[in-house]
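Reviewing the structure listed below.
Every number here is computed from the coordinates shown, using simple stated rules; none is lab data. As the structure is a computational prediction, the values presented were derived from the model and not from experiment. Here Cβ is always computed from backbone atoms with ideal geometry, including for glycine, and neighbour counts include all displayed protein chains.
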Amino acid sequence: MPGVKSAVREKLDSVRGALVDLSHRIHAKPELGFEEEHASTWLCELLDQHGFHVEKNVASLPTAFVARAGSGPIKIGVCAEYDCLPGIGHACGHNLIAAMSAGAGIAAARIADEIGATITVLGTPAEEVGNASGKIVMLKRGAFDGLHASMMVHPAPFEAATMKIIAASMFDVCYHGKEAHASAFPELGINAADALTIAQTSLGLLRQHIRQTDRIHGIVTKGGDAPNIVPAHTSARYIIRSDNLEELQELRAKVRRCFEAGALATGSKLEIQGGDQPYAHMHHDLGLAAIYQRNAEALGRKFPDLGPLRDRVAASTDMGNVSQAMPAIHPAIGIDSLPAVNHQPEFTAACITPAADQAIFDGALAMAWTIADLASDPSTRMRLMTRP
Ligand SMILES: [Zn+2]
Ligand SMILES: [Zn+2]
């Protein structure tokens, strides 16, 4: 093992500059979900240069790709994300995920045949879109078929081997009413903005009667056109989350009634779009997570005991859906960002610091070493290759 692991490290050392450059380029040109033309092209170019067989336009998604190296029987996937958030750029650090996963793939490919593995880097677009995202569509259309395990590492304020990942559903709500002069003929109007107000009031009251682990959050995306026109068309975008998909179903029914209340009270028409392809909760493969943690600790990474904070800091990702289909891990890697946290512009700034650049190297190496370990340990290899 020492020989294999040092070969992996040497290979990663040789591409360190290219990975940092890739991360900074993606950061400087943020692209929204399913529009990541530059990021996916740059990733494919780099992987191609390092001997990967690259297939683009996977699952009929123009910015998805699959890149393979090696030909061994155990097949390991590494997921690269590269979409940004609207308005605040790479505030979730997906530029780092892209570089880390490319680096892990390139470094692991160096020893793929020695350890009897096939390495697949999957370019998975649009993690932030909240419904029918890249991995969900790719899973459905077979892009993950044949893999024995998948992994990725996500930037965060602090290290965690198994961060709490809960189920989530995003959907758009539209109300359709009737315009009228707001002063002269208000009795002829049907107020779609009032419908939204009633729904939001109902949701506020509902909060007393949901699980502590449930979450409801949203924004108004259209509130009307002018104060002297009774608003006829309003809309909002909401995300609801629960510990798992079953509890999410229960929450969904309660939330739906709140939106129906708005329509009933005002006489407007309710329309709900999306929410049909939710993010699943994450089933962490604890064996693989432990191997990852051991390798990250060997690089000097410290995993704090988060205590109750671990459950409080819950997020959602379509890697949860991958974890329902095969053994998977999604550790968090610290980039020394505090007090800045994910989805803040200050976190965007933290994603190109020296600490962030170091996380690319450490995360990539810890993943590549994890691949070396899981392929070389007979019992782990057997477990992954023979699961039902
Ligand atoms: Zn995010
Ligand atoms: Zn993210």
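Taking 32 Å as the cut-off for C-alpha to C-alpha distance, list the pairs among K29/K254; K75/K254; K29/K56; K56/K302 that go past it.
Details: K29/K254 40 Å; K75/K254 42 Å; K29/K56 20 Å; K56/K302 37 Å.
Among K29/K254; K75/K254; K29/K56; K56/K302, the Cα-Cα distance tops 32 Å for K29/K254; K75/K254; K56/K302.
Compute the distribution of all C-alpha to C-alpha distances in the stretch 305-385, in bins of 5 Å from 0, and list the percent of pairs in each, rounded to whole numbers.
Here the calculated profile for the stretch 305-385 is 3, 11, 15, 18, 21, 16, 9, 5, 2, 0.
Let me check against my output: what whole-number percent is the relative contact order of the chain, with C-alpha pairs under 8 Å and at least 6 apart?
In percent, rounded to a whole number, it is 23.
Using only alpha carbon positions, build the gyration tensor of the stretch 31-89, then give the equivalent ellipsoid semi-axes as the square roots of 5 times its eigenvalues, largest first, whole angstrom.
Values: eigenvalues 115, 27, 23 Å².
Those come to 24, 12, 11 Å.
Out of G103, A91, G3, whose Cα points farthest toward the positive end of the dipole of the stretch 1-123 (charges: +1 Lys, Arg; -1 Asp, Glu; placed on Cβ)?
Positive-most Cα among the choices belongs to G3.
At a 10 angstrom cut-off on C-beta neighbours, averaged per residue, how do the peptides 206-218, 329-341, 148-160 rank from highest to lowest?
Details: 206-218: 13.5, 329-341: 20.2, 148-160: 23.6.
Per-residue Cβ counts within 10 Å, averaged per peptide and sorted highest first, yield 148-160, 329-341, 206-218.
Local charge sum around F171 (other residues, Cβ-Cβ under 13 Å, Lys/Arg +1, Asp/Glu -1)?
Details: positive: R237, R241, R252, R256; negative: D172, E271, D276.
Residues close to F171 contribute a combined charge of +1.
Rounded to the nearest whole Å³, what is the per residue volume of the convex hull around the Cα atoms of the chain?
Values: hull volume 54.1 nm³, N = 388.
So the per-residue hull volume is 139 Å³.
For L205 and K56 in one chain, what is 0.36 nm times their gap in residues minus the Cα-Cα distance, to one decimal in nm?
Numbers: separation 149, 0.36 × 149 = 53.64 nm, distance 4.78 nm.
My answer for the length gained is 48.9 nm.
At a Förster radius of 35 Å, what calculated FRET efficiency corresponds to the Cβ-Cβ distance of K222 and H38, to the nearest 0.05? Kindly include the intermediate steps, with their values, before the conclusion.
Values: r = 30 Å, r/R0 = 0.87.
It comes to 0.70.
Please give the per residue volume of the convex hull enclosing the alpha carbon atoms of the stretch 237-388, rounded to a whole number of Å³.
Numbers: hull volume 24.7 nm³, N = 152.
Per residue, the Cα convex hull of the stretch 237-388 comes to 163 Å³.
At q = 0.18 Å⁻¹, what is the log10 ratio I(q)/I(0) for the stretch 1-152, with the Debye formula run over Cα points and no solvent?
Listed by q, the Debye log ratios stand at -1.00.
Whole-Hz Karplus ³J(HN,Hα) for the stretch 53-66, in order, using 6.51 cos²θ - 1.76 cosθ + 1.60 and θ = phi - 60°, x for Gly and Pro?
8, 9, 10, 9, 6, 6, 6, 6, 10, x, 9, 9, 8, 10
Straight-line reach from K269: which aspartates and glutamates fall under 13 Å, measuring Cα to Cα and dropping same-chain residues less than 8 apart?
Answer for K269, where 13 Å is the Cα cut-off: D194, E260, listed by chain and number.
With 21 Å as the cut-off, how large is the P(r) tail for the stretch 216-296, expressed as percent of Cα-Cα pairs?
Values: 1601 of 3240 pairs.
Across the stretch 216-296, Cα pairs with separations above 21 Å total 49 percent.
From the P(r) of the stretch 78-194, can you give the percent of Cα pairs sitting at distances over 17 Å?
Values: 4757 of 6786 pairs.
Percentage above 17 Å: 70.
By how many nm would the segment from D113 to K302 grow when fully extended, if each residue of separation counts as 0.36 nm and the alpha-carbon distance is taken off?
Difference between extended and current length: 64.9 nm.
Using the Cα centre of the chain as the reference point, and only Cβ charges (+1 on K/R, -1 on D/E), how large is the resulting charge dipole? Debye, rounded to the nearest 20.
Working: 34 positive and 42 negative charges, 143 e Å.
It works out to roughly 680 debye.
Given only helices, namely DSSP H runs of n ≥ 4 each adding -39500 (n - 2.57), what is the per-residue ellipticity at 222 nm of the chain, to the nearest 500 deg cm²/dmol? List each step's numbers first, then the result.
On the way: 12 runs with 161 residues, N = 388.
After summing the helix terms and dividing by the residues of the chain, the value is -13500 deg cm²/dmol.
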